[in-house]
1. Within segment 196-229, work out how many residues are modelled with pLDDT under 80 and buried (at least 19 other Cβ atoms within 10 Å of the Cβ).
2. Got at least one residue in segment 21-29 being over 30 Å from Phe146 (Cβ atoms), modelled with pLDDT of 90 or more and in a helix (DSSP H, G or I)?
3. Considering only segment 231-269, how many residues are in a loop (DSSP other than H, G, I, E, B), more than 15 Å from Leu299 (Cβ to Cβ), hydrophobic (A, V, I, L, M, F, W, C) and in contact with a Phe, Trp or Tyr (Cβ under 8 Å, 6 or more places away or on another chain)?
4. Restricting attention to segment 136-177, which residues are outside any strand (DSSP E or B) and of a type in the set (A, V, I, L, M)?
5. With the structure loaded, tell me whether Glu133 is outside any loop (DSSP other than H, G, I, E, B), more than 16 Å from the ligand (Cβ to nearest atom) and in contact (Cβ under 8 Å) with a residue 24 or more places away in the chain or whether it fails that test.
6. Quick one: Thr207 ticks every box in (1) among the hydroxyl-bearing types (Ser, Thr, Tyr); (2) out of contact with any strand residue (DSSP E or B) (no Cβ under 7 Å at 6 or more places or on another chain); (3) within 17 Å of Asp155 (Cα to Cα) bar one, so which box is it?
7. Does Phe287 satisfy being assigned to a loop (DSSP other than H, G, I, E, B), surrounded by fewer than 18 Cβ atoms within 10 Å (Cβ to Cβ) and not assigned by TED's automatic domain parsing to the domain that holds Gln113?
8. Only residues that are among the charged types (D, E, K, R) and either under 23 Å from Pro9 (Cα atoms) or within 14 Å of the ligand (Cβ to nearest atom) (or both): list them for segment 142-194, please.
Amino acid sequence: MDKFRLFPPEASTSAQQIDWIYFALVALTFLICIIVFVPIISFAIKYRRGSKADRSNPRVESVLIESGWTIVPLLIFIGLFGWGAVVYFHVENPPRDALQVIVVGKQWMWRLQHAEGKQEINELHVPVARAVELTMTSQDVIHSFFVPAFRLHQDVVPGKYTREWFRATRTGEYHIFCSQYCGTQHSAMIGRVVVMEPVDYARWLNTGQPMESIALAGERLFRERGCSGCHSVNSKFHAPLLEGTYRKPVPLETGEMVTVDERYVRDSILLPGKEIAKGYQNIMPSFAGTLSEEEIMQLIAYIKSIGNQTPSNESAPNEQR
Ligand code: CUA
C-alpha cells in the first residue's frame with residue numbers, strides 16, 4: 001500500500017491546509033454529481049417510452065424549494081471562497097521570523113543561498129518546524145519551483161522576484177522539480193529538500209569554509225563596485241543615501257510614490273533612469289550585464305540590512321577621492 005500513492009506526503013503546514021480544501025472540493029463535486037445524476041437516471045427510467053408513469057405534470061409552486069436551492073449553494077460556495085481566501089493569505093504571507101533563502105533558476109539547475117551565506121546547488125537544507133522564505137528569480141527563461149510534498153509551486157521569472165514560504169513538519173527528503181518546460185534538460189532540473197532537526201541543521205550550516213552572509217557580501221559589493229562612492233554622505237555627487245530607505249515610500253520626479261522593495265532596488269541598479277527619486281538627476285550608470293542575479297540579490301540584502309539605520313560617515317565608507 002505504501003507503493004500506491006495518490007498524493008505526495010504532506011510535509012508542510014500549508015500542505016495540510018491545501019489538501020483539506022482539495023478534499024472538500026472533491027467531496028462537494030461528488031455530492032453535486034450525485035444530486036444531478038441520480039434524478040436524471042431515475043427519471044429516464046420512470047418516464048421511458050411506453051411506461052405507465054403519470055404524465056399530467058401538475059403545476060407546483062414552492063418559495064421554500066426555490067429559495068432553498070438558491071441560498072444553500074450560495075452559502076456553501078461563499079464559505080468555500082472564505083476558506084480558500086484564509087488559506088491563500090496564510091500561504092502568501094511569510095512570517096517575519098522566516099529564514100531567508102535566495103533561489104536562482106538557470107538552464108538547468110537551481111542555485112540556492114542561505115542568508116548566512118551557505119550556497120547549494122539543487123539541494124535545500126532546512127530545519128524542521130521553522131518558516132523558510134524563498135526569494136526567487138531566473139537568469140534566463142521561466143522556470144517553476146515545485147515541491148509537491150510542501151504543496152509549494154511558484155514560477156521563477158527572469159527580471160522579477162517571486163516568493164514562497166513553507167514550514168516543514170517532518171524531517172526527511174522531498175523532491176524539487178522544475179515544472180515549467182524550460183528547454184532540453186528541463187526534466188533533469190530536479191533536486192531535493194532535506195528537512196533536518198534544528199541541531200543537525202545548525203551543524204550542517206557551519207560545515208565547510210567560513211561564510212560571508214548575503215548582506216555582508218552585498219556590503220562588500222557596494223564598496224567594490226563603487227556604489228558607496230556616490231551613495232554616501234561624503235560623496236561629491238548628489239546621490240540618494242540608502243540607509244533607512246528599505247520598505248519606506250520614496251517620491252519620484254514624476255510625482256508618483258513607490259515603496260523601496262526588491263523590485264525597486266533591482267530596477268534602480270539595472271535601469272537607473274526608470275524611476276528617478278525626487279530631487280535627483282539621472283546620472284547613475286546602469287549595471288545591467290555586469291552583476292549576476294546573485295550579486296543583485298546580495299546588494300538588495302545589504303540595503304535591506306541597513307533599512308533601520310540613519311546615514312552616517314561610518315556606515316557608508318567613501319572609497320572615492
Ligand atoms: Cu527549469 Cu524546466
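The values are calculated or read from the model by the stated rules, or taken from the named source; none is laboratory data. All of these numbers come straight from a predicted model, not from anything done at the bench. Heads up, the Cβs are rebuilt from the backbone with ideal geometry, glycines too, and the neighbour counts pull from every protein chain shown.
1. Summing the residues that are modelled with pLDDT under 80 and buried (at least 19 other Cβ atoms within 10 Å of the Cβ) in segment 196-229 gives 2.
2. Here is the first cut: in segment 21-29, the residues over 30 Å from Phe146 (Cβ atoms) are none.
No, because not a single residue in segment 21-29 is over 30 Å from Phe146 (Cβ atoms), modelled with pLDDT of 90 or more and in a helix (DSSP H, G or I).
3. 0
4. Keep residues of segment 136-177 that are outside any strand (DSSP E or B), which gives 139-142, 148-151, 157, 159-161, 169-171.
Val141, Ile142, Ala149, Val157 - these are the residues of segment 136-177 that are outside any strand (DSSP E or B) and of a type in the set (A, V, I, L, M).
5. Considered against the rule, which asks whether it is outside any loop (DSSP other than H, G, I, E, B), more than 16 Å from the ligand (Cβ to nearest atom) and in contact (Cβ under 8 Å) with a residue 24 or more places away in the chain, Glu133 comes out as yes.
6. Thr207 satisfies every listed condition except (3).
7. Values: assigned to a loop (DSSP other than H, G, I, E, B): yes; surrounded by fewer than 18 Cβ atoms within 10 Å (Cβ to Cβ): no; not assigned by TED's automatic domain parsing to the domain that holds Gln113: yes.
Criteria not met by Phe287.
8. Step one: filter segment 142-194 for residues among the charged types (D, E, K, R), giving 151, 155, 160, 163-164, 167, 170, 173, 192.
The answer is Arg151, Asp155, Arg163, Glu164, Arg167, Arg170, Glu173, Arg192.
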